[in-house]
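Since the structure comes first, as structure tokens, the remarks are kept for the end.
The values are calculated or read from the model by the stated rules, or taken from the named source; none is laboratory data. Here the structure is a predicted model, which means the values were calculated and not measured. Quick reminder, even Gly has a Cβ in these numbers, built from the backbone with ideal geometry, and neighbours come from all protein chains shown. Surface accessibility is based on the protein's heavy atoms, side chains included, excluding ligands, DNA and RNA. Shrake-Rupley method; radii C 1.70, N 1.55, O 1.52, S 1.80 Å.
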Amino acid sequence: MNCHSMNSNHNLFHIMIKINMPLDINIKLSYLSNWKNCYSESEKRRYSRLLAQNNQNSQSILPIDQNQNQNECLLDIKIRCANELDIISIKKLDKSTFKLAYAKEKLKESIENPNHILLVALVNELITTENEMNVINEQVIGYILAEAQSENISMITSIAVSENYRRYGVGKKLMISLIDTLKSIGYKTILLQVSVYNTKANSMYLNFGFTTLNWLPNYYSCGEHGLQMKLDIN
């Protein structure tokens, strides 16, 4: 990585350090070492102090969202494997969450492919029919998709939660179920990519024990930088 490319990320990296963005110390130090030919000695000492302070903070227990903990008790959330009847609901959720949504064919393939794990989060919804009958309907409020990369490695390629059900612990329940499922199958490692700006997701992944493997400059179509993260599960 040359000085020009390092300078293009200088301001963002400085902000990430100053706001205690949760990053693995190894990737922080690797960036600092790459700056050795781009910055003065005083600047390198300054960043060394910032990195050391940030690493100390990131090793502490992440703050617990008390509101989320209380909200988790309010919902009876069910997690199960997706089936073809869920495809329309998943696609609708996907489209409302991401600029590029999965095609129905991709979701159908993930349901049928034994190397893919597609889980959905459900809540019971009371609806009134045309005959004014009250019935209970299962509503998809979240999903998580993981795809095998090798015999021992699976990668989380997507996770989404309905906006109306965020901060209820839906993402956490999906992640717990996925990890348990992958463990039972025999996978040893989970990978994922996440935007550096998605601080809530980063915090959740760190709480599960994920560590940062790589910095992914301009990884997303909007130009946002990403992080590749890893979790050993067996």
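Which residues, counting only those in segment 72-126, are surrounded by 13 or more Cβ atoms within 10 Å (Cβ to Cβ) and either in contact with a His (Cβ under 8 Å, 6 or more places away or on another chain) or of a type in the set (Phe, Trp, Tyr) (or both)?
102, 109, 110
Within the group 54, 67, which residue is exposed (fewer than 12 other Cβ atoms within 10 Å of the Cβ) and either closer than 15 Å to residue 159 by Cα or at pLDDT below 55 (or both)?
Within the list 54, 67, the selection yields 67.
Hey, does segment 181-195 have a residue that's among the aliphatic types (A, V, I, L, M), at pLDDT below 95, closer than 26 Å to residue 96 by Cβ and part of a loop (DSSP other than H, G, I, E, B)?
Looking through segment 181-195, none of the residues is among the aliphatic types (A, V, I, L, M), at pLDDT below 95, closer than 26 Å to residue 96 by Cβ and part of a loop (DSSP other than H, G, I, E, B).
Tally time: how many residues in segment 161-179 are open to solvent by less than 20 Å² (accessible area, probe 1.4 Å) and more than 14 Å from the chain's Cα centre (by Cα)?
Of the residues in that region, 0 qualify.
Restricting to segment 201-234, name every residue that is of a type in the set (Asp, Glu) and modelled with pLDDT of 90 or more.
Result: 232, single match.
I'm trying to understand the selection: among the residues of segment 133-160, which are touching a residue at least 60 places away in the same chain (Cβ under 8 Å) and open to solvent by less than 30 Å² (accessible area, probe 1.4 Å)?
Of everything in segment 133-160, those that are touching a residue at least 60 places away in the same chain (Cβ under 8 Å) and open to solvent by less than 30 Å² (accessible area, probe 1.4 Å) turn out to be 141, 143, 158, 160.
From the list 206, 231, 191, 182, pick out the single residue that is over 26 Å from residue 81 (Cβ atoms) and either open to solvent by 40 Å² or more (accessible area, probe 1.4 Å) or in contact (Cβ under 8 Å) with a residue 40 or more places away in the chain (or both).
After ruling out the rest, the residue left standing is 206.
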